[in-house]
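S.K.: My questions will all concern the structure given below.
Read-outs throughout are calculated quantities, based only on the coordinates presented, and are distinct from any laboratory measurement. Note that the structure is a prediction, hence the values are computed from the model and not measured. Note that each Cβ is placed from the backbone with ideal geometry, even for glycine, and that neighbours are counted across all protein chains shown.
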Amino acid sequence: MGRPPLGVVTTVVRLSPEMLARIDALAGPGKRADFIRKAVEAELARREREG
């Protein structure tokens, strides 16, 4: 797997099995972290626009 990119911090987020299943169904195999990163970025941008 190799080293993670520099400047990245690991954090724990607790999600229900049902929510993980929904994410996996939409994101595809092995794409869960990328999906969550993009969802968080989109929500941050939305809230920053709202002020």
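S.K.: What residue, among those in region 13-51 that are of a type in the set (A, V, I, L, M) and not in a helix (DSSP H, G or I), is surrounded by the most Cβ atoms within 10 Å (Cβ to Cβ)? Can you show your working first?
M.R.: Step one: of region 13-51, the residues of a type in the set (A, V, I, L, M) are 13, 15, 19-21, 23, 25-27, 33, 36, 39-40, 42, 44-45.
Imposing the further condition that a residue be not in a helix (DSSP H, G or I) reduces the set to 13, 15.
Values: 13: 6, 15: 12.
My answer is 15.
S.K.: Another question, if that's okay. Within region 19-51, restricting attention to residues that are among the β-branched types (Val, Ile, Thr) and touching a residue at least 12 places away in the same chain (Cβ under 8 Å), which residue is farthest from residue 5 (Cα to Cα)?
M.R.: First, pick out the residues of region 19-51 that are among the β-branched types (Val, Ile, Thr): 23, 36, 40.
Narrowing further to those that are touching a residue at least 12 places away in the same chain (Cβ under 8 Å): 23, 36.
On the way: 23: 23, 36: 17 Å.
Filtering first and then ranking leaves 23.
S.K.: Exactly one condition in (1) assigned to a loop (DSSP other than H, G, I, E, B); (2) within 12 Å of the chain's Cα centre (by Cα) is not met by residue 3; state its number.
M.R.: Among (1) assigned to a loop (DSSP other than H, G, I, E, B); (2) within 12 Å of the chain's Cα centre (by Cα), the lone unmet condition for residue 3 is (2).
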